[in-house]
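Encoded as structure tokens, the structure appears first; notes follow it.
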Amino acid sequence: MTDATSLSGPVRREPLPLLRPRDGLPPVVETPAALEATIAAFAAGTGPVAIDAERASGYRYSHRAYLVQLRRAGAGTALIDPVRCPDLRELDAVLADTEWVLHAASQDLPCLSELGLRPRTLFDTELAGRLLSYPRVGLGALVEEILGHSLEKGHSAVDWSTRPLPEPWLVYAALDVELLVDLRHALSDSLVEAGKLEWAAQEFEALADQPPRESRREPWRRTSGIHRIRNRRELAYVRELWLARDNAAERRDVSPGRVLSDQAIIAAASAKPATRSQLAAIPQFDTRTTRRDLDQWWAAVQQARKVSDSELPEHTAPYDGPPPARAWADRDPSAAARLAACRTALHDLAADHHLPLENLLAPDSVRRLAWDPPAEPTAEAVSAALRVRGARRWQIELTAEVLATALEPHHPGPP
């Protein structure tokens, strides 16, 4: 019997803590000369390049990067300060023919793009983990499960706009790219074994080709607690206070929640104060921060009170898709039956291929297809509809036939 087995089966070894970068902690790149040397080193490196970025979410208004980490064989690890070195297009140029390895790429690509960094080919370790149906796909969890090392994750939510950055934070940041290429190779081998490498390649290609993220329409509708708002006039209060807060946060470059909480916005919208004193009496506005800015909050309230009835915001945001699925049974029972059949078929298909359901096919595509199916729901017609909605080739090949069957006319019984 070895130390890895017992009478009851395999024994899980304790992960080995990874405490310091193998090559030591590099100095932060923050001068043109240091950046030039880094670009030369990475141009001379070989193989994929691991890339990560740290933002100051929850502290700053923008989602810009405040640190960029890279690692490549032959070049080692680099920590670049994008505040001091905001133009990384020359680095991008020397890495143009290199595969970039990122974890949860969709989170970092927008802020990297602002610096002039955009991958032509990439490997997303989080997405690979999802396609392989790992129950936990965070970087630390995958490194521990696959490579047997534990990463320090205690600094993930710190204010990365801090200068100078403390050494423990820099160690944490460097370790995030330390094993990323090793993880990529292990996941790639597993994808080959599972017959999913081509699926992953199509997903990665779609990520690399994705345009920069567009701003969401009417973002004020995402205010936490907005479901408690009862009428359109109250929605106007939410909108005007949200816009006032957003302007103040952008002007100060701080997170909007640090200027005025969502809870305060909802409380004011529900109370509909008629005077400045009534606004100030709301508990969420009786703090040092909100009292200091009370004039601008009162101006927003006055603006909401002036909005004419015809210009009040609607209860739901403009949307070109089907209504909420919960309303289908009453509005269109046949569509509700189609949706249920599609969901059942896809659930079984995902289980057969060991895939998370949301990775098999985007839920919004399924709803749109069930609400407005092709006139003749053949596999070819379904394939064309899915292609228009951005489904990847592997998704279409797996799902088109079963969805065509699920979309055949349904005749629900009487209520």
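The values are calculated or read from the model by the stated rules, or taken from the named source; none is laboratory data. None of the values given here were measured: they were computed from a predicted structure. Methodologically, a virtual Cβ is constructed for each residue, glycine included, from the backbone with ideal geometry; neighbour enumeration extends over all protein chains shown.
Within the range 269-278, the set of residues being part of a helix (DSSP H, G or I) and buried (at least 19 other Cβ atoms within 10 Å of the Cβ) comprises 269 only.
Take residue 126 and tell me if it is under 18 Å from the mean Cα position of the chain (by Cα), assigned by TED's automatic domain parsing to the domain that holds residue 167 and at pLDDT 95 or above. Steps first, answer last, please.
Values: under 18 Å from the mean Cα position of the chain (by Cα): yes; assigned by TED's automatic domain parsing to the domain that holds residue 167: yes; at pLDDT 95 or above: yes.
The answer is yes for residue 126.
Need the failing condition index for residue 273 against (1) over 25 Å from the mean Cα position of the chain (by Cα); (2) at pLDDT 95 or above; (3) closer than 28 Å to residue 216 by Cα, just the number. Among (1) over 25 Å from the mean Cα position of the chain (by Cα); (2) at pLDDT 95 or above; (3) closer than 28 Å to residue 216 by Cα, the lone unmet condition for residue 273 is (3). Restricting attention to the range 213-230, does a residue exist that is crowded, with 17+ Cβ neighbours inside 10 Å, in a loop (DSSP other than H, G, I, E, B), outside the structural domain of residue 390 (by TED's automatic domain parsing) and not basic (Lys, Arg)? There is at least one residue in the range 213-230 that is crowded, with 17+ Cβ neighbours inside 10 Å, in a loop (DSSP other than H, G, I, E, B), outside the structural domain of residue 390 (by TED's automatic domain parsing) and not basic (Lys, Arg).
Considering only the range 360-382, how many residues are hydrophobic (A, V, I, L, M, F, W, C) and not in a helix (DSSP H, G or I)?
If we filter the range 360-382 for residues that are hydrophobic (A, V, I, L, M, F, W, C), which is where we start, we get 360-362, 366, 369-371, 375, 379, 381-382.
Those left that are additionally not in a helix (DSSP H, G or I): 361-362, 375.
Result for the range 360-382: 3.
Take residue 179 and tell me if it is modelled with pLDDT under 95 and touching a helix residue (DSSP H, G or I) at 6+ places or on another chain (Cβ under 7 Å). No: the conditions fail for residue 179. Using beta carbons and a limit of 8 Å, which pairs, at least six apart or on different chains, have the first residue in the range 358-384 and within 28 Å of residue 135 (Cα to Cα) and the second one part of a helix (DSSP H, G or I) and among the hydroxyl-bearing types (Ser, Thr, Tyr)? So the pair list comes out as 360/399; 361/399. Candidates in the range 148-158 are the residues that are surrounded by fewer than 17 Cβ atoms within 10 Å (Cβ to Cβ) and in contact (Cβ under 8 Å) with a residue 24 or more places away in the chain; of these, the one that is nearest to residue 57 (Cα to Cα) is 157. Of all the listed residues (331, 389), the sole one being of a type in the set (D, E, K, R) and more than 25 Å from residue 227 (Cβ to Cβ) is 389. Of all the criteria given as (1) surrounded by 21 or more Cβ atoms within 10 Å (Cβ to Cβ); (2) over 22 Å from the mean Cα position of the chain (by Cα), the one not satisfied by residue 187 is (2).
The requirement of being of a type in the set (Lys, Arg), farther than 15 Å from residue 174 by Cα and exposed (fewer than 13 other Cβ atoms within 10 Å of the Cβ) is fulfilled nowhere in the range 56-72; no residue meets it.
Of all residues in the range 70-88, those that are within 14 Å of residue 163 (Cα to Cα) have Cβ atoms under 6 Å from Cβ atoms of residues that are buried (at least 23 other Cβ atoms within 10 Å of the Cβ) and small (Gly, Ala, Ser), 6 or more apart or on another chain, in 82/65. Here is the figure for the range 231-268: residues that are in contact with a Gly (Cβ under 6 Å, 6 or more places away or on another chain) and buried (at least 22 other Cβ atoms within 10 Å of the Cβ) total 1.
Counting only helices (runs of 4 or more DSSP H) that sit wholly inside the range 279-337, those with at least 2 residues that are in the same structural domain as residue 264 (by TED's automatic domain parsing) and surrounded by 11 or more Cβ atoms within 10 Å (Cβ to Cβ) are 288-292, 294-306. Residue-level check: of (1) touching a helix residue (DSSP H, G or I) at 6+ places or on another chain (Cβ under 8 Å); (2) surrounded by fewer than 17 Cβ atoms within 10 Å (Cβ to Cβ); (3) not in a strand (DSSP E or B), residue 133 misses just (1).
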